[in-house]
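Here the structure comes first, spelled out in structure tokens, and everything after it is commentary.
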Amino acid sequence: MDFKSKLFGVQQIDPDTIITFPKGIPGFEAQTRYKLFHQEGSHIVYWLQCLDDADLVFSVASHAHFNLNYNFVLTPEEQALLKLDNLEDILILLLLQKDELDKPTVKGSIKAPIIINSAERLGMQKILLEVEQSITLTEKHNAIELTEL
């Protein structure tokens, strides 16, 4: 299928690579189909492009890149939503946000990671109430380093 994105132009999307968020992402519940993109040669920042709205794209990064380890429980409903049978199929992504255009920092909240079952291509955003900190990612020499707030 052809898809035209403002960020990526026209892309050929293999239907087998579409990630479905059955309940959407909080605030974007009607948008359920996404594709994960990355810049060639760079596997630090990815883009989660909505296929239902070409203007909607999220910058994301793997929690593992920053040595962040999550310890949370998925409810039986969340496990069913993700059709999760094998914990090794879980991909955890952090949503990134750039607050100040003139500064090289990117912020990400660790309170609401994106959880994806990579085998089933199903995703959700998990809201964690017990986490009390955020992170700031600082661009430095074409890399991103992690700094706690």
Task: Gyration tensor verdict on the range 45-117 (Cα atoms; rounded if a/c is under 1.5, prolate if a/b is larger than b/c, oblate otherwise) - done: oblate
- [ ] Let me know the shape class of the chain, please: from the alpha-carbon gyration tensor, a ≥ b ≥ c as square roots of the eigenvalues, rounded when a/c is under 1.5, otherwise prolate if a/b is greater than b/c, or oblate.
- [x] oblate
TODO: Could you pull the Cα extents of the range 19-60 along its three principal axes, largest to smallest, in whole Å?
DONE: 32, 16, 15
- [ ] Would you mind computing, in nm to one decimal, how far apart the modelled labels at LEU56 and SER118 are, each placed 7 Å from Cα along Cα→Cβ?
- [x] 2.5 nm
Task: Given LYS6/LYS83; LYS35/LYS111; LYS35/LYS98; LYS4/LYS103; LYS83/LYS107, the pairs whose alpha carbons are separated by over 28 Å - done: LYS6/LYS83; LYS4/LYS103; LYS83/LYS107
- [ ] As a check on your grasp of the helix formula, calculate [θ] at 222 nm for the chain: sum -39500 (n - 2.57) over DSSP H runs of n ≥ 4, divide by the residue count, round to the nearest 500.
- [x] -1000 deg cm²/dmol
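Read-outs: derived from the displayed coordinates by stated rules, not from any lab. These figures come from a predicted structure and were not determined experimentally. Using ideal geometry, Cβ is built from the backbone for each residue, glycine included, and neighbour counts are taken over all protein chains shown.
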